[in-house]
Amino acid sequence: MRIVKLHLGLFKYLRIELKKKRTPKQLIYFLRDVGKSYFKELLKQYRDLFRQFDPLYIKQKKEYNKYNKIKKELQQALKMLQYIDRRMIDQKVPRHIRRQFWNDFRKNGQVRKETFDDLLKEIERIG
């Protein structure tokens, strides 16, 4: 479908541009430049099409998507942890208590579970 759109776009562009007055030399340069860019784009489209059937490319793409999903989840987790820290600072929690909280958070799974349950409740309350 993209190849058909590429052809249609080329014909529409040529129909508009060829109506403009040009000398024969300018016309040759124009058509040469259009041809170069058109064939580069066409080769890129075919390369993308053939990649869809390549088992190695499919495997790499799955790994890449998995990596991006993990990266996105880690970024979201970091934002939540930053939110917790900002909220404690806004509530004027002393620094030594915040440090104790983060040490407990790091070492104790129950504290993590309770913290994330509280966050989920807050998200549900807001949303």
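Read-outs: derived from the displayed coordinates by stated rules, not from any lab. Values in this document were obtained by computation on a predicted structure and should not be read as measured data.
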Relative to the longest principal Cα axis of the chain, at what angle does helix 24-51 sit, 0 to 90 degrees, rounded to 10? 50 degrees
Stretch gain in nm, segment Gln82-Lys61, where the contour uses 0.36 nm per residue and the Cα spacing is subtracted: 4.4 nm
Based on the alpha-carbon set only, what is the convex hull volume of the stretch 15-71 divided per residue, in Å³? 122 Å³
For the chain, alpha-carbon Rg relative to the globular expectation (2.2 N^0.38 Å, N residues): 2.06
C-alpha long axis of helix 95-107 to longest principal axis of the chain, angle in °: 70 degrees
Please compute the length gained on full extension between Asp118 and Asp33, using 0.36 nm multiplied by the number of residues separating them and subtracting their Cα-Cα distance. 24.5 nm
